[in-house]
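None of the figures in this text is laboratory data; all of them are computed from the coordinates on show. Quick caveat: nothing in here was measured; it's all calculated off a predicted structure. Cβ sites come from the backbone with ideal geometry, for glycine too, and all protein chains shown count toward neighbours.
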Amino acid sequence: MARRRFLGSGVHALRGLLLLLLLRLPVTPGTTCPTPISVEHADIRVKSYTLNSRERYVCNSGFKRKAGTSSLTECVLNKTTNTAHWTTPSLKCIMIISTSVTLSVVFVVSALVTCIKLRRIFQPTAVEIENLEAMPMTRGSSSREEDHRNY
Ligand SMILES: *[C@@H]1O[C@H](CO)[C@@H](O)[C@H](O)[C@H]1NC(C)=O
């Protein structure tokens, strides 16, 4: 009795296994996706290369996903060629401009603008330059006069 029941359950298990194999056959013609294409400034770690697998690209450090683009890619079957391929991701990774960099640029620019403004307000430099230029010129002319005298 016990042996019969055991055999019966074994047949059931075998039938179940066959059914599972039959159901799986059309889905598994040995199709797996190849390595996904590379996206600039991004990386992907694929967990599964099987059909319908959905994976996400991750932007490298210092870069972020551009709004409106998708990091998603899916392993799909091309029915005409019967090959699996990843869908082309629309992902664009753009450089992150850190707030510290922005702030230092703003500081340098404002400092330069202030310097230029201050120079325009205090203009003693023009007078100083005139005096400096006048000195060697008089000296030059006097020497020239001396030369004339010598001739
Ligand atoms: C399947 O692959 C062929 C050959 O590469 C291509 O011409 C066709 O557009 C693809 N079909 C789909 C649905 O992607």
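Under the 0.36 nm per residue contour assumption, what length would be gained going from the current alpha-carbon distance of K117 and S98 to full extension? Walk me through the intermediate numbers first.
Working: separation 19, 0.36 × 19 = 6.84 nm, distance 2.91 nm.
Here the answer is 3.9 nm.
I'd like the distance between the alpha-carbon centres of region 97-122 and region 50-82, rounded to an integer number of Å.
Cα centres, region 97-122 to region 50-82: 43 Å.
Label K64 and V76 with points 7 Å out from Cα along Cα→Cβ: what is the distance between them in nm?
It is 3.0 nm.
Which of the listed residues, T81, S71, S38, is farthest toward the dipole's positive end in region 28-95, when Lys, Arg count +1 and Asp, Glu count -1 at the beta-carbon?
S71
So how strong a dipole does region 28-95 carry about its Cα centre when Lys and Arg Cβ are +1 and Asp and Glu Cβ are -1, to the nearest 20 debye?
Details: 9 positive and 4 negative charges, 42 e Å.
So the magnitude is around 200 debye.
Once you have the Kirkwood Rh of region 28-95 from its Cα pairs, apply Stokes-Einstein at 25 °C and 0.890 mPa s and quote D in µm²/s. Intermediate results must be reported in sequence, preceding the final value.
On the way: Rh = 12.5 Å.
Roughly 196 µm²/s, to the nearest whole number.
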